[in-house]
Amino acid sequence: MRQDDHQAKNQASDAYDYLLKLLVETDDRTRLSAIFDALMTEKEQTELANRLTIFALLQQGVTQREISAQLGVGIATVSRGAKVFEQHQVDEWLTDIGKEIKL
């Protein structure tokens with residue numbers, strides 16, 4: 001890896017770590033909303049919300065095809081979400097997400 005690439009990777013890692021620290025330390029909903037508004041486009045925020053909804057629907061046993069139709073997203077989007085859901089054992093650390101987002 002080139003020196004410039006290594007330095008850029010370290011900077012990105014430091015920035016991500018800073019973001020995590022900021023989110024953990026921020027308990028003000030208005031401030032958190034402002035942070036997300038500054039960091040993500042409206043489309044990116046919608047995609048993040050869709051990912052969480054995909055997780056919730058998977059927890060409820062909804063099929064990938066039904067999720068795709070319900071959210072109006074492609075089956076590939078749902079499949080990627082399902083893959084992450086399994087790989088990261090989301091069910092263990094986001095219990096009852098459907099209840100929280102009122103599904």
Selection over segment 82-91 where residues are loosely packed, with under 11 Cβ neighbours inside 10 Å, of a type outside the set (D, E, K, R) and assigned to a helix (DSSP H, G or I) yields a count of 1
Taking segment 35-48 and keeping only residues that are within 22 Å of THR77 (Cα to Cα), surrounded by fewer than 12 Cβ atoms within 10 Å (Cβ to Cβ) and not charged (D, E, K, R), one is left with LEU39, THR41
Only one of LEU94, LEU52, LEU57, LEU32 is surrounded by 13 or more Cβ atoms within 10 Å (Cβ to Cβ) and in contact with a Phe, Trp or Tyr (Cβ under 7 Å, 6 or more places away or on another chain), namely LEU94
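Every residue, every condition in (1) polar (S, T, N, Q); (2) on the phi > 0 side of the Ramachandran plot; (3) not in a loop (DSSP other than H, G, I, E, B), yes or no:
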position: VAL24; (1), (2), (3): no, no, yes
position: LYS43; (1), (2), (3): no, no, yes
position: ALA49; (1), (2), (3): no, no, yes
position: ILE54; (1), (2), (3): no, no, yes
position: GLY61; (1), (2), (3): no, yes, no
position: SER68; (1), (2), (3): yes, no, yes
position: ARG80; (1), (2), (3): no, no, yes
position: THR95; (1), (2), (3): yes, no, no
Cβ pairs under 6 Å, 6+ apart or interchain, first in segment 76-103 and modelled with pLDDT of 95 or more, second surrounded by 12 or more Cβ atoms within 10 Å (Cβ to Cβ) and β-branched (Val, Ile, Thr), ordered by first then second residue, are VAL78/ILE54; VAL78/ILE67; GLY81/ILE54
Of ASN10, ASN50, the only residue that is of a type outside the set (Val, Ile, Thr) and modelled with pLDDT under 95 is ASN10
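The values are calculated or read from the model by the stated rules, or taken from the named source; none is laboratory data. Predicted model, so just to flag it, every value in this text is computed and none were measured. All Cβ positions, even for glycine, are placed from backbone atoms using ideal geometry, and neighbour counts span all protein chains on display.
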